[in-house]
1. Which of ARG137, ARG83, ARG10 comes first, and how do the rest follow, when ranked by fewest Cβ neighbours within 10 Å?
2. Starting from 0.36 nm per residue, how many nanometres of slack lie between SER78 and GLU181 once their C-alpha separation is accounted for?
3. Ranked by Cβ crowding within 10 angstrom, fewest neighbours first, how are TYR134, TYR99 ordered?
Amino acid sequence: MIRLPAAIERQLQQMFPRARERDQFVAEVLSRALEHRPKIDEGSPQAVGGTLHLFTDGGCRGNPGQAAIGCVLLDPVSGTVVREHYERIGIGTNNIAEYRALIEGLKIARLYHPNGLVCHLDSELIVKQLSGEYQVRMVTLQPLFQEIRELSKEFRSISFKHVPREDNHHADQLVNKALDEHPSPHYEKP
């Protein structure tokens, strides 16, 4: 049986003078509490505790055109890829794809509960918008910008850094992979 703090033991003794009733009450309370605890999926990510690096990219074939996103979550200490993700997101512009890639990357990164997150993007525009240097004037980008602001609050420390395209090659490859594996439909003219 568990040993309870003395103050709780005294309160329980006052409520339940008989030991059997007291033990039954404690067992029922614990049983109910355990029923409502979040279930842990064995395949779910483990908390890393340190700082992770997130590389994201979005692109489209045509602007607007078929768009896709790519995200790479990296542990900088071991140099290993923690997780990667890519998908085609439908018709969109380059900027929408860049924002959507970052949103998806942030959702993935939060599953690992890092103490810090450094986000690397090859879109200088988006980095400057997120840093407040540029305003987000396009109405279509404003909700995406706000969603990133909300997701950013879930991290103790977060930063957004512009990197040259050649330093973002892994995420860029994932974007192209998504577009190549799921090519846009071709319609024949009647």
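Every number in this text was worked out from the coordinates using simple rules, so none of it is lab data. These numbers come from a predicted model, not from an experiment. Ideal geometry is used to build each Cβ from the backbone, glycine not excepted, and the neighbour counts take in all protein chains shown.
1. Placing the least packed residue first, the sequence is ARG137, ARG10, ARG83.
2. Result: 34.1 nm gained on full extension.
3. Going from sparsest to densest Cβ surroundings: TYR134, TYR99.
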